[in-house]
Amino acid sequence: MTPLIIPPLLDHTVDFRDGATGALDLNAHFLSRAARDFPTGSDPLTALFAAASAQILVRPERGFAHLRALTFAVRAMGAADPALRTAADDVEIVGGTTESSADVRSAAARSTLFAPEVEHALETFPSGPVAVLVETDQQLPAAVALANRLGPLRVRLCGTFAHTHRTVLMEMLPGARVSPTAPPMGEVRGEWSGGEPVAWPRHPRDWRPGRPWAAWWDASAASTISSQAAENCRGLVVTAARWESDDRVTGADGAVTDLSALGVLPAVELLVGAPGVGAGEVSRTARALAAEGRLAGLRPFRLGTGPDHWEVTRLPAPTGHDLPRWSPFTAPATMTRDECDAVIRDLLLDTASLTELFPGRFAGCAVLRGAERSRWNSSAAVVTTDGTGPDGRGPGDFVVNLRSGSAFRLHPKLAPVVRRLSRGDHAVLDRLPHRTRGKLSDQLVRAGAWQAPA
């Protein structure tokens, strides 16, 4: 069997190996290196968040806090790269786009971010054919750098993105082959599913009876699942451009569907900026879903390149976008990109007290949704700094919350108390004087680090 290589950056909560033996997971290698070696930075506030992230990443449990800390680590490691800006679930080409093969080739040649992983692959497989999994556009710069270093003639590309864009990819990498068949489904890794084998089908048609599964689908796809499938669902996230009610949901493709009989209560990723959907409606919908604990996240709307039900005017694709995923468009009563960004920014603040949004588009989030029950927020940590601190007052102890992006200094006498609180000793607050206890509790609640008892 041809050995499989998995380039960064892929959803690490899913195993896409499909039983392949001897697979080389460069994605895991990259993320492990980021978690271990990321720079602390010279900025005092950045140093605090780096220390909090490092503290969270050594915890054995997997959850939203781990994903937030890992994203911080990946961003920090790539901050100085000349070609790429990365997160644990995303990549941006500096001055370019993954929709352009020329930009991808340039980024792959200029970036040094994945050099250790490329060398590791070359050492592991110095000769012979290899299969390289390209599941998403996020992996393109690493995959192209890898294929160029190994030699395109040795490479067979596979995966969803490679299958969809095979013609252009073969032009980018002369001599490389692309698998003619769509790849099999993945499986949520055991550390994110409680040890239970949970399938991760790309589309409802990939679902198989009798097997636990989870998914992240557009509303149009989700509307096609059967009642039998719902019985084995371990988590479902639905992407929607408009959510008027459970029986009237508009998908990213503009089709209006009825999800009231799903048999599963899905979390919702709400798209912002869909044709004809104004800021007021988006805000009302987001707040209502958040109040129900169903809002997974907010993302700018982008019009796909395939058939759809929207009444829009499609614009010519930008020159050089030969790996298109989105189509430019205009439509009446539609928000601009700046307006979308402002709405998302405001809603992230407004809904923070109502629900905990997912830290990214990870399969593990769908399965772990609502799993955290501790009164201490796992995304918060108590950090000691020997430097000046972000407030310029010298060394001290700070509560740092990766979820809210906030940090505040603790009184030296209260730092040991809060450390014990963060480790689960809730009774430690009861031993404080009433006034001190109330003041500290209020401060921790405002910072999102602590949920006071009712």
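What's the Kirkwood radius of segment 1-97 in Å, using all Cα pairs? Display every interim value, and only then the final one.
Details: mean 1/r = 0.0690 Å⁻¹.
Hydrodynamic radius (Kirkwood, Cα pairs) of segment 1-97 is 14.5 Å.
Before anything else, pin down the relative contact order of segment 13-136: Cα pairs under 8 Å, at least 6 apart, normalised by residue count, whole percent.
Details: 103 pairs, mean separation 23.7, N = 124.
Answer for segment 13-136 is 19 percent.
State, as an integer percentage, the relative contact order of the chain based on alpha-carbon contacts under 8 Å between residues 6 or more apart.
Details: 839 pairs, mean separation 64.1, N = 454.
Computed over the chain, the figure is 14 percent.
Using a Förster radius of 60 Å, what is the FRET efficiency between L315 and A452 based on their Cβ-Cβ separation? Nearest 0.05, please.
Details: r = 51 Å, r/R0 = 0.86.
Efficiency for this residue pair is about 0.70.
For segment 392-400, take each phi angle, set θ = phi - 60°, evaluate the Karplus expression 6.51 cos²θ - 1.76 cosθ + 1.60, and give the result in whole Hz per residue in order, putting x for glycine and proline.
x, 9, x, x, x, 10, 10, 8, 10
Report the percentage of all Cα-Cα pairs in segment 70-164 whose separation exceeds 23 Å, rounded to a whole percent.
Numbers: 978 of 4465 pairs.
Taking all Cα-Cα pairs of segment 70-164, the fraction more than 23 Å apart is 22 percent.
In degrees, nearest 10, range 0 to 90: what is the angle between the Cα axis of helix 115-124 and the longest Cα principal axis of the chain?
Computed tilt is about 60 degrees.
Could you rank the peptides 305-312, 341-348 by their average count of other C-beta atoms within 10 Å per residue, with the highest value first? Write down the numbers at each step before the final one.
Numbers: 305-312: 13.6, 341-348: 16.0.
Answer by packing, highest mean first, reads 341-348, 305-312.
Skipping prolines and chain starts, which residues have an amide H placed within reach, meaning under 5 Å, of the one on V132, given they are 5 or more residues away or on another chain?
Excluding prolines and chain starts, which carry no amide H, the hits are I5, R156, L157, C158.
For the chain, taking Cα atoms only, what is the radius of gyration to one decimal and the Dmax to the nearest whole Å?
23.1, 74
If you plug each phi of segment 80-92 into the Karplus form 6.51 cos²θ - 1.76 cosθ + 1.60 with θ = phi - 60°, what whole-Hz ³J(HN,Hα) values come out, in order, with x for Gly and Pro?
9, 5, x, 10, 10, 10, 10, 9, 5, 10, 7, 8, 10
Roughly to the nearest percent, how much of the accessible area of the chain is carbon and sulfur, given a 1.4 Å probe? Walk me through the intermediate numbers first.
On the way: 10750 of 20650 Å².
Here carbon and sulfur together make up 52 percent of the probe-accessible area.
Please give the length that would be gained between E171 and E92 if that part of the chain were fully extended, namely 0.36 nm times their separation in residues minus their C-alpha to C-alpha distance (nm, one decimal). Could the numbers behind the result be given before it?
Working: separation 79, 0.36 × 79 = 28.44 nm, distance 2.21 nm.
Computed gain between E171 and E92 is 26.2 nm.
Pull up the DSSP beta bridges for segment 231-355 and report the antiparallel fraction as a percent, rounded to 5.
Values: 9 of 18 bridges.
Just about 50 percent of them are antiparallel.
For the chain, what is the mean residue ellipticity at 222 nm derived from helices alone (per DSSP H run of n ≥ 4: -39500 (n - 2.57); sum divided by total residues; nearest 500 deg cm²/dmol)?
Details: 16 runs with 152 residues, N = 454.
Helices in the chain give a 222 nm mean residue ellipticity of -9500 deg cm²/dmol.
When the chain is fully extended, how far beyond the present Cα-Cα distance does R208 get from A333, taking 0.36 nm per residue of separation?
Values: separation 125, 0.36 × 125 = 45.00 nm, distance 4.17 nm.
Extra length available between R208 and A333 comes to 40.8 nm.
Using only the Cα atoms, what convex hull volume per residue in Å³ does segment 220-311 have? Let's see the in-between values first.
Numbers: hull volume 8.5 nm³, N = 92.
Per-residue hull volume (Cα only) is 93 Å³.
Could you work out how far apart the two model spin labels at R435 and D18 are, taking each label as a point 7 Å from the Cα in the direction of the beta carbon, and quote it in nm?
So the two model labels end up 6.8 nm from each other.
Accessible area of T136, 1.4 Å probe, to the nearest 10 Å²?
Near enough 40 Å² of accessible area.
Distance from a point 7 Å along Cα→Cβ of S127 to each backbone N in segment 1-34: keep the residues under 17 Å and list them by number.
3
Estimate the FRET efficiency between L354 and R248 by the formula 1/(1 + (r/R0)^6), using the beta-carbon distance for r and 30 Å for R0, to the nearest 0.05.
Values: r = 23 Å, r/R0 = 0.76.
Once the sixth-power term is evaluated, E becomes 0.85.
Please give the Cα centre distance for segment 1-31 versus segment 339-412, rounded to the nearest Å.
After rounding, the separation between the Cα centres reads 30 Å.
If R₀ is 45 angstrom, what is the calculated FRET efficiency for the pair Q55 and T2, using the beta carbon separation as r and rounding to 0.05? Can you show the working numbers first?
On the way: r = 41 Å, r/R0 = 0.91.
After rounding, the FRET efficiency stands at 0.65.
Among W217, W326, what's the order by accessible area (1.4 angstrom probe), most exposed first? Walk me through the numbers before you get to the answer.
Numbers: W217 5, W326 85 Å².
Greatest to least solvent exposure: W326, W217.
Tell me which residues come under 5 Å, amide H to amide H, from T257 once H is placed; ignore anything under 5 positions away on its chain.
The list, which skips near neighbours in sequence, is V249, T250, G251.
How far, in nm, would the chain grow between D391 and T224 when pulled straight, counting 0.36 nm per residue and subtracting the alpha carbon separation? Please list the in-between numbers first.
Details: separation 167, 0.36 × 167 = 60.12 nm, distance 5.39 nm.
Going from the current span to full extension adds 54.7 nm.
For T319, T336, write out the residues from largest to smallest accessible area, computed with a 1.4 angstrom probe and no ligands counted. Walk me through the numbers on the way to the answer.
Numbers: T319 140, T336 70 Å².
Most to least solvent-accessible, the answer reads T319, T336.
Tell me the net charge near A261. Cut-off is 12 Å between Cβ atoms, A261 excluded, with +1 for each Lys or Arg and -1 for each Asp or Glu. Can you show the working numbers first?
Details: positive: none; negative: D246, D247, D258.
Every neighbour counted, the sum reads -3.
Let me check I've understood the local charge: for P212, count other residues with C-beta under 12 angstrom from its C-beta, Lys and Arg +1, Asp and Glu -1. What total comes out?
Numbers: positive: R208, R211, R234; negative: E187, E196, E231.
It works out to a net charge of 0.
How large is ³J(HN,Hα), in whole Hz, for each residue of segment 49-62 in order, when computed from phi with the Karplus curve 6.51 cos²θ - 1.76 cosθ + 1.60 and θ = phi - 60°, using x for Gly and Pro?
Working through the residues one at a time gives 5, 5, 5, 5, 4, 4, 5, 6, 5, 8, 5, x, 6, 10 Hz.
Using a 7 Å offset from the Cα along the Cα-to-Cβ direction at both L265 and L153, what is the distance between the two label points in nm, to one decimal?
Each label point is offset 7 Å from its Cα along the Cβ direction, giving 6.0 nm.
Using per-residue counts of other Cβ atoms within 10 Å, averaged over each peptide, order 222-231, 48-57, 80-89 from highest down. Before the final figure, lay out each step's value.
Values: 222-231: 15.7, 48-57: 21.8, 80-89: 18.8.
Answer by packing, highest mean first, reads 48-57, 80-89, 222-231.
In whole Å, how far is the Cα centre of segment 315-337 from that of segment 186-226?
When both Cα centres are located, 31 Å separates them.
According to a simple spin-label model (label point 7 Å from Cα along Cα-to-Cβ), what is the distance in nm between S32 and T305?
Between T305 and S32, the label points sit 3.5 nm apart.
The values are calculated or read from the model by the stated rules, or taken from the named source; none is laboratory data. Only a predicted model underlies this, so the values are computations on that prediction, with no experimental measurement involved. No Cβ is skipped: glycine too gets one built from the backbone with ideal geometry, and neighbour counts run over all protein chains shown. The protein model used for the area step is the full one, side chains on, heavy atoms only, and it has no ligands, DNA or RNA in it. Shrake-Rupley method; radii C 1.70, N 1.55, O 1.52, S 1.80 Å.
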